[in-house]
Each structure stands twice: as structure tokens, then as C-alpha cells.
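A.B. asks: For reference, the structure I am asking about is given below.
The values are calculated or read from the model by the stated rules, or taken from the named source; none is laboratory data. Bear in mind the structure is a predicted one, so any value in this text is a computation, not a measurement. Cβ: placed from backbone, ideal geometry, glycine included. Neighbour counts: every protein chain shown.
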Amino acid sequence: MAEITNAVIRKIIDSRGNPTAEVDIISNRAVGRASAPSGASKGTFEVKDYPGGGIDQGIRAFERVAHMAVGMRLSDQKNFDAMLHEADGTNDFARIGGNVAVAMSLAYAKASALSENMELYQALSTGKAKSLPIPIGNIIGGGRHAINGTTMQEFLSLARAGSYSESAFANVSVHKNAGKLLRGKFPQLSLGLGDEKAWVAPLSDDEALEILSDAIKAASDETKADIGLSVDLAASEFCDNGTYSYGDRILSTDEQIDFVADLAQRFGIRSLEDPLDESDFDGFARLTKKIGSKTMIIGDDLFVTNKERLQKGIGMGAANAILIKPNQIGTLSDMIDTVELAKRSNYKTVISHRSGETEDSTIAHLAVGLGIGYIKTGTIGGERTAKHNELIRIEERMRNG
Ligand code: 2PG
Ligand code: MG
């Protein structure tokens with residue numbers, strides 16, 4: 001059985017140009033490497049990404065944890081993750097930082113798989129059926145991911161075709177068609193891309209939905225894929241004390257529920273993420289009752305990949321799907337517990353990138369290895385295509401047995 005002989009941390013550059021943590025877990029058989037992403041519209045209830053002193057303090061804390069890791073056996077994820085919790089000693093990774101913890105936890109998982117001559121998705125799915133997720137790609141964006149974009153954060157497309165590869169390319173076709181439509185609408189304007197490489201233009205939310213619908217129609221004709229609309233409102237970012245502010249108007253919670261239900265119906269929206277504030281379990285439950293039979297209502301900031309918060313949501317009928325982001329909770333074991341609870345409770349699962357990303361493609365392996373239904377990871381841009389391209393390789397490998 002392989003043992004950890006060394007653990008190394010380094011600061012690397014993320015897609016926004018910020019420093020982030022990358023960890024190597026080294027054994028005599030294999031090296032596992034993983035890095036942490038970072039959010040802009042972070043949920044209040046996520047674990048702390050770094051201790052108060054930022055990434056440098058996280059790196060100093062790592063040195064202490066690395067000493068505890070050396071000598072531990074590989075392939076006992078629960079034990080390793082329990083050590084991370086013990087080394088931290090808080091319930092939100094305030095001392096070592098969730099980003100340091102998650103990079104260690106995922107690097108350990110990879111080192112364990114590699115030491116047994118497996119890829120991570122294979123190690124996670126031993127004895128279970130494997131399936132590829134459905135990709136949800138960001139097409140037009142705003143909120144905290146762009147300057148002067150839409151109020152709602154992300155307008156996305158959700159494509160299903162015969163294979164993962166065709167589905168991902170169908171989302172690319174929507175992105176290209178949206179670009180063409182925006183150039184036609186704003187011939188004098190320099191168009192931009194936001195943090196997740198979605199188009200940014202001076203559009204109202206309604207106009208963004210119109211362009212997205214038209215781009216989806218064109219891409220469906222081109223690719224013959226079944227493509228639907230999806231929106232991440234990230235509503236906590238424009239909610240204050242139960243009122244939602246859209247620039248030209250302010251809506252109460254009741255009005256927000258009616259407004260998004262109407263949008264979902266008018267545009268045939270397949271999934272709505274964070275349509276209400278991150279604390280409003282009751283509002284989520286009311287919206288789910290209203291439109292949940294037809295629409296996926298995804299809790300991101302609401303659940304923050306946290307099993308207890310998901311359990312509360314299940315009890316109340318709040319949302320019917322959960323966004324899964326490993327660094328919201330800090331360890332792979334905690335994340336897996338949440339995914340399993342969601343599946344047992346018939347909640348759909350969507351694994352997700354963050355707006356600040358690296359070339360790390362671990363979430364592609366987690367999606368397949370844990371049988372997660374959907375993956376939200378942008379449409380284009382190297383740090384996003386790293387995940388798609390890894391899924392294309394996994395698909396090929398699965399096809400070839
Ligand atoms: C979200 C994410 C990813 P961030 O809200 O779902 O798209 O954004 O990483 O900024 O929290
Ligand atoms: Mg979100």
C-alpha cells in the first residue's frame with residue numbers, strides 16, 4: 001500500500017490573474033496534483049476560502065498539515081479528509097482555508113487512483129455504472145462576472161446530443177451564434193467576454209433571453225441537438241432584505257417568484273439557478289411548488305454543497321436540484337456525502353466550475369465517477385475547455401472499453 005512521502009504547495013495564476021493554491025501529493029508510486037478555483041459571487045454559507053491573512057496564511061497553514069499528511073496511506077479518502085478537519089479545528093476551514101483543504105483532498109484522491117493504475121473517474125466508480133454528464137454552457141453574462149452586463153449573472157444553454165462531445169460542440173454553436181446576433185445588434189460596439197468567457201453587452205435580462213433563444217434556434221438547426229435555456233440569476237447579489245433590485249424596478253419576494261415563474265414559462269427555461277436569496281428556503285419552496293414539475297430549480301448559494309443545508313431544503317421542498325462545487329465545502333468526502341443525499345432524495349445534481357478557474361480538470365472526473373447528471377463549466381476559454389476536453393477523452397476511453 002502506497003504512502004505519502006511528501007506534500008507540496010505552490011501559488012499559481014488563475015483565469016482572473018489572481019493567485020490560487022496548487023497542491024502535489026507525492027508517494028513512491030504516483031503524484032496527484034490539484035488546484036483550487038475561486039468564486040466572485042460567493043455564497044455567505046460557503047467554507048472560508050482562505051484564513052484571514054489570505055492565501056499566504058493558507059500556505060503557512062499548509063506546511064503544518066503537510067507534516068501530518070506525510071506517512072499516511074493512500075486510498076483512504078475518509079481518513080485523509082478527517083485529518084484535514086482535525087488539523088483545521090473549525091467548522092468552516094477558517095484556519096487552513098477551504099481552498100487549501102480542497103486542493104489537498106483532490107490531489108490525495110488523484111494520487112490514490114494513480115497509485116492503483118487508475119484514472120480518478122475509474123477509481124470513484126469501481127463497481128458502479130458510469131455515465132457522462134449533460135453540459136450547461138455560459139453564453140451571455142453579467143452580474144459579478146462582468147462590467148456593465150445583465151443583472152442576472154448567467155444565460156446558458158443546456159445541450160443533449162448523441163454523445164458528450166456533440167453536446168459540448170452544440171453549446172459552442174450557441175455561443176458562436178449569440179456572438180453573430182450581438183454583432184448584428186450592436187454594429188458600432190466592441191463586444192467583450194466576461195470572467196467565464198460568456199458574451200458581455202449592454203442588454204437587459206429580457207433582451208439577453210431573446211438573443212439566447214434565437215442563438216439556440218440557430219444552433220439546434222445546425223447541430224440537430226436538443227438545446228434548452230438555462231439561467232443562473234445569482235439573486236443574492238441583487239437582493240437586499242427580501243427585495244430584488246433590477247435597476248429600473250424593485251420587486252418584493254412574492255413579485256420575484258411570479259416574475260421568474262413567468263419568465264420560465266415564456267421562454268421555456270429548463271433550469272433556474274439561485275432565483276431567490278441564499279437564505280430564503282421558504283421562497284425556494286414556493287417557487288418549486290409552482291414550477292418545479294417542469295423546471296429544474298437549482299440551489300447554489302442556497303445549499304453551498306453542504307449536506308445539512310441540503311437536508312433542510314429537502315424537508316421543505318426547496319429546489320429540486322443542487323449545484324456541487326468542491327471548494328464550497330472543502331473536502332471530497334463531504335462533497336460525496338452531499339451528492340449521495342441529493343441522489344437518494346431525487347434531487348438532480350449539477351457539478352460546477354467557479355468564475356475564477358485553472359486548467360485543472362478534476363471536476364470532469366468527479367462528474368463521471370460519481371454519476372453526476374450535469375456539468376456547468378462555461379463554453380469556451382482554456383480553463384473551461386480543459387474540463388470539456390477531458391470529458392471528451394473520458395468518453396473515448398469508455399467507448400473503447
Ligand atoms: C455560480 C458560479 C459559477 P462564482 O454562481 O454558479 O458560475 O459563480 O464562481 O463566481 O460563484
Ligand atoms: Mg450560481
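A.B. asks: Scanning region 358-401 for residues that are in contact (Cβ under 8 Å) with a residue 40 or more places away in the chain and polar (S, T, N, Q), which turns out farthest from N177 (Cα to Cα)?
C.D. replies: Filtering first and then ranking leaves T362.
A.B. asks: Between I59, I26, I9, I13, which is more than 16 Å from ligand 1 (Cβ to nearest atom), among the aliphatic types (A, V, I, L, M) and under 23 Å from the mean Cα position of the chain (by Cα)?
C.D. replies: Only one candidate passes the filter, namely I13.
A.B. asks: How many residues, within region 304-340, are assigned to a loop (DSSP other than H, G, I, E, B) and within 24 Å of F80 (Cβ to Cβ)?
C.D. replies: 6
A.B. asks: With the condition kept exactly as written, say whether any residue in region 91-106 is surrounded by fewer than 24 Cβ atoms within 10 Å (Cβ to Cβ) and part of a helix (DSSP H, G or I).
C.D. replies: No, every residue in region 91-106 fails to be surrounded by fewer than 24 Cβ atoms within 10 Å (Cβ to Cβ) and part of a helix (DSSP H, G or I).
A.B. asks: So which residues in region 26-62 are surrounded by fewer than 17 Cβ atoms within 10 Å (Cβ to Cβ) and away from ligand 2 (no atom under 16 Å from the Cβ), if there are any at all?
C.D. replies: N28, R29, V31, G52, G53, G54, D56, Q57, R60
A.B. asks: Still on this structure: Can you tell me which residue is farthest from C239 (Cα to Cα) among those in region 20-60 that are part of a loop (DSSP other than H, G, I, E, B) and of a type in the set (A, V, I, L, M, F, W, C)?
C.D. replies: Step by step, filter region 20-60, then rank; the result is A30.
A.B. asks: All but one of (1) basic (K, R); (2) within 28 Å of D195 (Cα to Cα); (3) at pLDDT below 95 hold for K130; state the number of the condition that does not hold.
C.D. replies: (2)
A.B. asks: Give the residues of region 298-314 that are on the phi > 0 side of the Ramachandran plot and among the aliphatic types (A, V, I, L, M), sorted by residue number.
C.D. replies: Within region 298-314, V304 is the sole residue that qualifies.
A.B. asks: Within region 354-389, which residues are farther than 18 Å from S165 by Cα, of a type outside the set (D, E, K, R) and within 15 Å of ligand 1 (Cβ to nearest atom)?
C.D. replies: S355, G356, T358
A.B. asks: Now a separate question. If I filter region 121-156 down to residues being closer than 23 Å to I380 by Cβ and of a type in the set (S, T, N, Q), which single residue comes out as farthest from ligand 1 (Cβ to nearest atom)?
C.D. replies: Here the residue is N148.
A.B. asks: Tell me the residue from L310, L287 that is hydrophobic (A, V, I, L, M, F, W, C), closer than 24 Å to N241 by Cβ and either in contact with a His (Cβ under 7 Å, 6 or more places away or on another chain) or within 16 Å of ligand 2 (Cβ to nearest atom) (or both), please.
C.D. replies: L287
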